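The block underneath contains the structure these notes are about, expressed in structure tokens.
What follows draws every value from the coordinates through simple rules; no lab data is involved. As the structure is a computational prediction, the values presented were derived from the model and not from experiment. FYI the Cβ positions are ideal-geometry reconstructions off the backbone, even for glycines, and counts take in every protein chain you see.
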Amino acid sequence: MTVHTVRSLSAHVGGTVLGEGAESVVTGINDLRSAQPGEISFLANAKYEPLAQASRASAILVSTKDAPRFSFTRIVVESPSAAFGKISALFAPPPVRDEPGIHPTAVIAPDAVIGEGVSIQAHAVLAAGVRIGARCVVGANCFIGEQTTLGDDTRLYPSVTVRERSVIGARVIIHSGAVIGSDGFGYDFDAKTGRHVKIAHTGNVQIDDDVEIGANTTVDRGRFGKTHIGAGVKIDNLVQIAHNVIIGPHSIIVSQTGISGSTSLGRYVTLAGQVGLAGHLTIGDRATITAQSGLNKDVPAGAVLSGYHAAPIRESLKVEALTRRLPELVERLKALEEKVRSLL
Amino acid sequence: MTVHTVRSLSAHVGGTVLGEGAESVVTGINDLRSAQPGEISFLANAKYEPLAQASRASAILVSTKDAPRFSFTRIVVESPSAAFGKISALFAPPPVRDEPGIHPTAVIAPDAVIGEGVSIQAHAVLAAGVRIGARCVVGANCFIGEQTTLGDDTRLYPSVTVRERSVIGARVIIHSGAVIGSDGFGYDFDAKTGRHVKIAHTGNVQIDDDVEIGANTTVDRGRFGKTHIGAGVKIDNLVQIAHNVIIGPHSIIVSQTGISGSTSLGRYVTLAGQVGLAGHLTIGDRATITAQSGLNKDVPAGAVLSGYHAAPIRESLKVEALTRRLPELVERLKALEEKVRSLL
Amino acid sequence: MTVHTVRSLSAHVGGTVLGEGAESVVTGINDLRSAQPGEISFLANAKYEPLAQASRASAILVSTKDAPRFSFTRIVVESPSAAFGKISALFAPPPVRDEPGIHPTAVIAPDAVIGEGVSIQAHAVLAAGVRIGARCVVGANCFIGEQTTLGDDTRLYPSVTVRERSVIGARVIIHSGAVIGSDGFGYDFDAKTGRHVKIAHTGNVQIDDDVEIGANTTVDRGRFGKTHIGAGVKIDNLVQIAHNVIIGPHSIIVSQTGISGSTSLGRYVTLAGQVGLAGHLTIGDRATITAQSGLNKDVPAGAVLSGYHAAPIRESLKVEALTRRLPELVERLKALEEKVRSLL
């Protein structure tokens, strides 16, 4: 194993060492708070300067601009974050090696088509008509339903469930516990019997290339047609995507957000965490909805909305600030009422 | 395969073709936005008229009332939605065929009782004392715990986990990733040791006939007694049902809603998406709680509540509208203060 | 089987029977609402007195203070809740017995190290380098990734997924469907290509002794370093813990709450249900955040915060009360405007 020192790592990222201890051996990386002697860290945000000052790290990557303010051992670089990424790679544990091949306990339909270099792990189940592209990894305990297809280099982590007729592109990553293609939530109410009658969901889910889907996220199949997740979309954990939702390419959906049926998002939309969208909405390209907001109206391209019954963020922040001043406003109203009474 | 045309489909639903192209061959169905030539769609909501006008569908089902306004090829019927349902069935892919029988990789306790015509799929695990009704489907990778019973014609999609002693009725559908019967979240705080001591949850879960439970939804078992989901209740994805909750028959619980311990819902209650209910509440029959609301009080039958610390929806909407007018109200207050000052 | 009577149970908890029917046979326990003749219940909260009055239970445990107010058959004790816990244990069904041993369908890497008395159930998968402490239970369909370690007496319920290099302590309980160690949600945006580039998450998850994690909860691995859940922390169902979050010992996280990346919680923090925390925050010891609140600022030790952009609960409740009075305040403002107009 290569021995790294503060100086050798500085050289690796084209930096300059300031302070004592350039020859200290470095055995790992860590954040400012957790770092121990022998570890290296980085400062990318002024907010964390007190943590940098108190850090036990053997050296901290800092920017040229920040370097003069400090006395601790530091490696001065243009971009501490980028340099740290480069150094991280030196210390990263070797990634899990997924042996190509089909584990003997996997259950694979006779007519399934498996590409070259694929790894299918223990207890995975591939139903009739499944097609798996080259170099895919299907983790342990995954289920892939009838006629579903995976493009090349796609990875399902263990315990992913994909229902029938899903169409999944290349280089897609789906994390453990995600469910793709469950039935949409739709019923007709039968007033005669007082019962909710299930609406058949005969559509499917299409996930385009380079999508990533988080752990325990759910994506329902279309009632007819498809639920469609565009290329490059990134979806966090525990997100709900209802039937017939369309998510435009390169959109970002943060954890615990829910999108109701038939709502359509443009390209590069950002939904922060715990957002809720009503059904049948159209959200324009590059719109951003802040955390915990609720939306029940269409959103124009580029808008930044916030709040329950979300409004443009400036308006929301102003209203919120005034709401917090209500106690003072009520006092002012009372004072005024008394003055006017004295005038009458 | 039968060849369908606009005219033959119109005849199938007792409609009348207006506009050109009655002999066009139809090969599928789709929504207005996605439909291509060769596909048929429907217009059931005035909101979508522009989409209908721009649709590439070979024909669109419209109502008698709407038909005269349009010039595109249309099939005129009384209920476009119902007619579309009938036509959809002609084009639906054949449903997945679940072969009756027990897959050789399933692990089934010797004393489990399995009804006639049941399909138990690959890697399913049935523990001691399980009883499975006739014609049930237990999907791949499902786990069914000790002494749990399933009524006739119930279906567990792949990767469902049901803990011990659950009592599940007939014609129940449970979607992938759902967890039934996990321990409730309850601890006694031991002030002496500063530790939370787990409260045993020795109760169970009872799910009555015709219930549907969404993907990755969790239903905790009772502390004692049971968590009880009444007949015909429909629960969406990623919903949390805590210990000892009672949900009355035919209630609807939309995605990402959470119901805290021992809360009791009447019949035909509707909880929209991302609603949160505190524990030990009583919600009356046919009450409706709108999306993202929070409830910490009992709700009378028939009430429609909305908002954080939810209030009757009329009140909530009025308060919300006035809140948005706060900037203007504050300006008015300032103007008044100046006038009064000039009068003193 | 022992026959229990109201009198024998009263003796078991050192109580006194008041009212008729001390010799009635008791065959079970239940809550006040559901209890039938032959069952025993308890009253610990004045709110439930009407339920106690109407209960069909053969006897109800009540406190010395409450006992004189009632005429129903009651067992008088100091703490009805504690006494009920003792009686519950007499009627609890025998717990599921997890046979020590490795089920023949489990797939275990040759170099995995398995402690004494461990139960590894059907279709569980243990990858290379896994170490399992003594008396652990690994449920059916669980996956444990490379190099992950479990301390003694830890239990994974069926269908838990733990990714590589997780470090899990002793006496930890993880409920079904939980996912531990999924990748954090982080991307660098490449403006040249317009694509989100995945940031490697080479860290891991550390879960200390006596932690409990709910069903379908997700805990992401660190970008580098670790996501760390301290000793005695209790996490409910469907909670999201992002990369590099630190949760101090004995904190309580209720269902459907989400904590964003690198946020750090002190000891004995309580986050109620559906709370959302932004990233990079510091929450002080013993702070409490009420249900559905949103936090985007640091919180001092001991604070009790509430609301969207959460504020101290007193302030929040006052603002909320005044918000509800807005219709009246606007009327007062209007009246004042008219009076002032008449004065000018």
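Filtering C:Ile235, C:Ile241, C:Ile180, C:Ile213 for residues that are closer than 19 Å to A:Leu271 by Cα, touching a strand residue (DSSP E or B) at 6+ places or on another chain (Cβ under 6 Å) and crowded, with 23+ Cβ neighbours inside 10 Å leaves a single hit, C:Ile241.
Before we move on, is B:Ser251 crowded, with 24+ Cβ neighbours inside 10 Å, within 10 Å of chain A (Cβ to nearest Cβ) and more than 22 Å from A:Leu238 (Cα to Cα)?
Against the criterion (crowded, with 24+ Cβ neighbours inside 10 Å, within 10 Å of chain A (Cβ to nearest Cβ) and more than 22 Å from A:Leu238 (Cα to Cα)), B:Ser251 qualifies.
Of all residues in segment B:203-236, those satisfying the criterion of being assigned to a loop (DSSP other than H, G, I, E, B), aliphatic (A, V, I, L, M) and in contact (Cβ under 8 Å) with a residue 40 or more places away in the chain are B:Val211, B:Ala215, B:Ala231. Residues in segment A:154-170 that are crowded, with 20+ Cβ neighbours inside 10 Å and farther than 18 Å from B:Pro158 by Cβ: A:Thr154, A:Gly169. Do we have any residue at all in segment C:194-202 that's crowded, with 18+ Cβ neighbours inside 10 Å, without any contact (Cβ under 8 Å) to a residue 40 or more places away in the chain and either in a loop (DSSP other than H, G, I, E, B) or basic (Lys, Arg) (or both)? For segment C:194-202, residues crowded, with 18+ Cβ neighbours inside 10 Å, without any contact (Cβ under 8 Å) to a residue 40 or more places away in the chain and either in a loop (DSSP other than H, G, I, E, B) or basic (Lys, Arg) (or both): present. Residues in segment C:145-158 that are part of a loop (DSSP other than H, G, I, E, B) and within 19 Å of the chain's Cα centre (by Cα): C:Thr154, C:Tyr157, C:Pro158. Within segment A:90-118, being farther than 30 Å from A:Gly28 by Cα and among the acidic types (Asp, Glu) holds for A:Asp111, A:Glu116. The numbered conditions (1) within 7 Å of another protein chain (Cβ to nearest Cβ); (2) touching a residue at least 40 places away in the same chain (Cβ under 8 Å) are all true for A:Gly261 except (1).
Are any of the residues in segment C:317-329 touching a Gly at 6+ places or on another chain (Cβ under 6 Å) and within 13 Å of chain A (Cβ to nearest Cβ)?
Going through segment C:317-329, the residues touching a Gly at 6+ places or on another chain (Cβ under 6 Å) turn out to be none.
Checking segment C:317-329: not a single residue is touching a Gly at 6+ places or on another chain (Cβ under 6 Å) and within 13 Å of chain A (Cβ to nearest Cβ).
Of the residues examined, C:Gly302 is one that is in contact (Cβ under 8 Å) with a residue 12 or more places away in the chain, part of a loop (DSSP other than H, G, I, E, B) and out of contact with any Ser or Thr (no Cβ under 6 Å at 6 or more places or on another chain). Considering only residues in segment A:103-156 that are on the phi < 0 side of the Ramachandran plot and among the acidic types (Asp, Glu), the one that is nearest to the other protein chains (Cβ to nearest Cβ) turns out to be A:Glu146.
Would you check if there is a residue in segment B:257-271 being farther than 21 Å from C:Gly177 by Cβ, basic (Lys, Arg) and either assigned to a loop (DSSP other than H, G, I, E, B) or under 18 Å from the mean Cα position of the chain (by Cα) (or both)?
Going residue by residue through segment B:257-271, those that are farther than 21 Å from C:Gly177 by Cβ are B:262-271.
Adding the requirement that they be basic (Lys, Arg) leaves B:267.
In the following step, the residues that additionally are either assigned to a loop (DSSP other than H, G, I, E, B) or under 18 Å from the mean Cα position of the chain (by Cα) (or both) were identified as B:267.
Checking segment B:257-271: at least one residue is farther than 21 Å from C:Gly177 by Cβ, basic (Lys, Arg) and either assigned to a loop (DSSP other than H, G, I, E, B) or under 18 Å from the mean Cα position of the chain (by Cα) (or both).
What are the residues in segment B:44-102 that are within 12 Å of chain A (Cβ to nearest Cβ) and closer than 30 Å to A:Ala109 by Cβ, if any? Once the filter is applied, which keeps residues that are within 12 Å of chain A (Cβ to nearest Cβ) and closer than 30 Å to A:Ala109 by Cβ, segment B:44-102 yields B:Ser88, B:Ala89, B:Leu90, B:Phe91, B:Ala92, B:Pro93, B:Pro94, B:Pro95, B:Val96, B:Arg97, B:Asp98, B:Glu99.
Within segment A:58-95, the set of residues being surrounded by 15 or more Cβ atoms within 10 Å (Cβ to Cβ), closer than 30 Å to C:Gly129 by Cα and without any contact (Cβ under 8 Å) to a residue 60 or more places away in the chain comprises A:Phe84, A:Gly85, A:Ser88.
Please go through segment A:11-53 and pick out each residue that is over 32 Å from the mean Cα position of the chain (by Cα) and among the polar types (S, T, N, Q). Listed by number, the residues that qualify are A:Thr16, A:Ser24.
For segment C:157-202, the candidate set comprises residues that are of a type in the set (Ser, Thr, Tyr), within 9 Å of chain A (Cβ to nearest Cβ) and touching a Pro at 6+ places or on another chain (Cβ under 7 Å); within that set, the residue that is farthest from B:Ile199 (Cα to Cα) is C:Thr202.
Can you tell me which of B:Ala127, B:Ala140, B:Ala134, B:Ala106 is hydrophobic (A, V, I, L, M, F, W, C) and either within 30 Å of C:Ile252 (Cβ to Cβ) or surrounded by fewer than 19 Cβ atoms within 10 Å (Cβ to Cβ) (or both)? I'd like the intermediate steps shown before the answer.
Details: B:Ala127 fails: either within 30 Å of C:Ile252 (Cβ to Cβ) or surrounded by fewer than 19 Cβ atoms within 10 Å (Cβ to Cβ) (or both); B:Ala140 fails: either within 30 Å of C:Ile252 (Cβ to Cβ) or surrounded by fewer than 19 Cβ atoms within 10 Å (Cβ to Cβ) (or both); B:Ala106 fails: either within 30 Å of C:Ile252 (Cβ to Cβ) or surrounded by fewer than 19 Cβ atoms within 10 Å (Cβ to Cβ) (or both).
Exactly one residue qualifies, and that residue is B:Ala134.
If the condition is being surrounded by 19 or more Cβ atoms within 10 Å (Cβ to Cβ), facing another protein chain (nearest Cβ under 10 Å) and either in contact (Cβ under 8 Å) with a residue 40 or more places away in the chain or in a loop (DSSP other than H, G, I, E, B) (or both), then segment C:283-299 contributes C:Thr290, C:Ala291, C:Gln292, C:Ser293. Counting only strands (runs of 3 or more DSSP E) that fall entirely inside segment B:31-103 and contain at least 1 residues that are over 13 Å from B:Ser10 (Cα atoms), the qualifying elements are B:39-42.
Only one of these is in a loop (DSSP other than H, G, I, E, B), within 11 Å of chain A (Cβ to nearest Cβ), in contact with an Asp or Glu (Cβ under 7 Å, 6 or more places away or on another chain) and touching a residue at least 12 places away in the same chain (Cβ under 8 Å): C:His309, C:His280. Name it.
When all the criteria are applied, what remains is C:His309.
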